[in-house]
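Asker: First the structure, then my questions, so here it is.
Please treat every number below as a calculation from the coordinates, not as lab data. This structure is a prediction, so every number in the text was calculated from the model and none was measured. Reconstructed Cβ throughout: ideal geometry from the backbone, glycine too, with neighbour counts over all protein chains shown.
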Amino acid sequence: MSQYEVTLLLGSNLGDPKKNIEAALCNIETAVGEIIRKSELIFTDPVEFVSNNIFCNIAVLIKTQFSPIKLLNYVKLIEREMGRADDTLISGEYQDRVIDIDIVRFGNLRFHTKELTIPHQKHLYERDFSRRLLDVL
């Protein structure tokens, strides 16, 4: 089976964000694929919405055999199992969350559907914290 190198960005700002990130990384490694490299954990203010809760963020490079849509389904399942009730795509707005897992890059693939756009433009070009995390991968 083919293996793809995929960059994910994770964020959490509810409960214990650092522990939420660690749990999500364990779930990713168990269900999705091997983590090859990780950035440092950083703490940032919310972007594009107002909240008093600070985010914990990390970028990871993984190897997976999943297609982009199958990978999306797995990361959304991890989010739901960890307690994320509302997805931004459904609610239409950003809000506090236990865990958020975004697919930023999928090898050199360019992919666009209603549910998923790869590469993730906001993380690559608009958000300073994202670029800082992604630069080390």
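Asker: On full extension of the chain, what length is gained from Leu41 through Asp96, given 0.36 nm per residue of separation minus the C-alpha to C-alpha distance?
Answerer: Length gained, Leu41 through Asp96: 18.0 nm.
Asker: Something else: Could you give each residue of the stretch 63-74 its phi-based ³J(HN,Hα) in whole Hz, using Karplus coefficients 6.51, -1.76, 1.60 with θ = phi - 60°, and x for Gly or Pro?
Answerer: Those phi angles translate into 10, 9, 9, 6, 6, x, 5, 5, 4, 4, 4, 5 Hz.
Asker: Using 0.36 nm per residue, how much length does the chain from Arg132 to Ile54 gain when fully extended, once their Cα-Cα distance is taken away?
Answerer: Net length gain for the segment: 26.4 nm.
Asker: Using the Cβ atoms and a cut-off under 14 Å, what net charge is assigned to the surroundings of Gly107, where Lys and Arg are +1 and Asp and Glu are -1? Can you show the working numbers first?
Answerer: Working: positive: Lys63, Arg105, Arg110; negative: Glu5.
Once all neighbours under 14 Å are counted, the net charge is +2.
Asker: Let me ask something else about it. For the chain, what number results from the quotient of the Cα radius of gyration and 2.2 N^0.38 Å? Present the calculation step by step, with values, prior to reporting the outcome.
Answerer: On the way: Rg = 13.8 Å, N = 137, 2.2 N^0.38 = 14.3 Å.
Compared with the compact-globule rule of thumb, the chain sits at 0.96.
Asker: With axes computed from alpha carbons, what is the tilt in degrees of helix 17-31 against the longest principal axis of the chain, rounded to the nearest 10 within 0 to 90?
Answerer: Helix 17-31 sits roughly 20 degrees off the main axis of the chain.
Asker: Take peptides 68-81, 124-137 and line them up by average Cβ neighbours within 10 Å, highest first, as a rough protection proxy.
Answerer: On the way: 68-81: 16.9, 124-137: 15.4.
Ranking, from highest mean packing down: 68-81, 124-137.
Asker: Between Ala31 and Leu109, take the C-beta separation as r, use R0 = 22 Å, and let me know the FRET efficiency to the nearest 0.05.
Answerer: 0.60
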